[in-house]
Amino acid sequence: MSNLINYSNGEMKTSTFEEKMENANFPMSDKGRVYHVEVKRGEVANRIITVGDHTRAEEFAQYLDKDSPLFRLSSARGFLTITGKYKGVPISIIAIGMGLPMMDFFVREVRSVVDGQLAIIRFGTCGSIGAARTGSIIVQNAAFAITRNYNYFSDTEEIESELTDEKPYNFTKIFHADPQLYKKIELELINSFGEDNVFTGLNATCDSFYSSQGRKDGNFRDYNSNLISTISDVYPEAISLEMEAFMLFHLAKSSTSLPLKDSNNTILKNSIKAASAAMVVADRVTNDFISPVKVHDIQKVAGKAVLNALVDFELIYVHPDDDDCVWNQN
Ligand code: R1P
Ligand code: URA
């Protein structure tokens, strides 16, 4: 493993990650670095914005306080962590790439190196299957997952036809965003973009950009020609498609109170508060796709809105704000 750590004072530390690894159950280096995201205690704040795209993370990072240290760590597995302060509050911006497993790596590994509550906002891109046109923003206040039913696609035609009870795509139950957090984001986005450009509703997180989002691809047998209409039958309130929000909400719901034990050993429920919003880049109703320039313009404004929502969100238990934290080091 190799990582690149870049401090705001211009020092650029390129190191080969040669630390000894321990514990096959939850691998960590002897210096306390997690295996894929490569961060350790003190390098990630309790308030986090997660994005897919590294350039979006860098764009948001431009808003972080100029008079506070800025920490960057780029992991060999494609995670980019940027930690600093916004309006004096410690913040991490973490780019994770794409898909359900990357969200799982990120949430679990970051959870293991931060004490106290985590507030995590995903800000991504999505497709619209409702009234939202390209360039608008969808606050995803709940999500379900659509996964390809791999058994349905067994090798032979005979087996496929034998499996008539099977459906090519599976739909999960709905998991919800934290109501206070998503309402703060919704308000900030409406203030920035206007009510007509911000939609709030149910999102489908899919395990492919292509097959399980109903895209046609003649190179594969996908059995998805009716998928978009099936989504509307199963969940008529669904308005967007993307690839990570469900896993974030699901893990927030599954999170235990383990990191929240205070000195009195009080146990609270769910240590993670999560919410999600996304720019509509693909209009699956009109088949319009946005230009990269427009994405850039929108995320410039949205970045500030999401940061404002995040620092305004109250957390009761946070990581000790001491000299071991990168936001306190020059
Ligand atoms: C697909 O193009 C990617 O874009 C969306 C999807 O969820 C998927 O990750 O989000 P990001 O723009 O945050 O990556
Ligand atoms: N991201 C997705 O996952 N789907 C889209 O259509 C656009 C962005």
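Every read-out reported here was derived from the displayed coordinates using simple, explicitly stated rules and does not represent laboratory data. None of these values were measured; they are calculated from a predicted model. Glycine also receives a Cβ, built like all others from the backbone with ideal geometry; neighbour counts cover every protein chain displayed.
Excluding same-chain neighbours fewer than eight residues apart, the lysines reachable from K294 by a Cα-Cα span under 19 Å are K304.
Could you tell me the relative contact order of the chain? Use alpha-carbon pairs under 8 Å, at least six residues apart, and round to a whole percent. Dividing the mean separation by the residue count of the chain yields 24 percent.
Using R0 = 51 Å, the C-beta based FRET efficiency linking Y223 and E195 works out to 0.85. For Q180 and R108, the FRET efficiency from 1/(1 + (r/R0)^6), where r spans their Cβ atoms and R0 equals 25 Å, is about 0.60. A simple count of charges around D324, restricted to other residues whose Cβ falls under 12 Å of its Cβ and scoring Lys, Arg +1 and Asp, Glu -1, yields -3.
Taking the inverse of the mean 1/r over every pair of distinct Cα atoms in segment 21-154 gives a Kirkwood hydrodynamic radius of 16.4 Å.
Extension gain for the segment H54 to L187, taken as residue separation times 0.36 nm less the Cα-Cα distance, is 45.3 nm to one decimal.
For helix 245-254, what angle does its Cα long axis make with the longest principal axis of the chain, in degrees from 0 to 90 and rounded to 10? It works out to around 60 degrees. In straight-distance terms, cross-link reach from K40 covers every one of the lysines whose alpha-carbon lies under 25 Å from its own, apart from those fewer than eight places away in the same chain; here that gives K13, K20, K31, K66, K85, K87, K253, K261, K269, K273. Between K216 and D312, the modelled labels are 4.4 nm apart [label points 7 Å from Cα along Cα→Cβ]. Expressed as a fraction of 2.2 N^0.38 Å, the value expected for a compact globular protein of N residues, the C-alpha radius of gyration of segment 80-202 is 1.40.
The simple Förster model, with R0 at 45 Å and r as the Cβ-Cβ distance, assigns K167 and A131 a FRET efficiency of 0.95.
Estimated purely from DSSP H runs of n ≥ 4, each contributing -39500 (n - 2.57), the mean residue ellipticity at 222 nm for the chain is -7500 deg cm²/dmol once divided by its residues.
Average projection, convex hull of the Cα set of the chain: 18.8 square nanometres.
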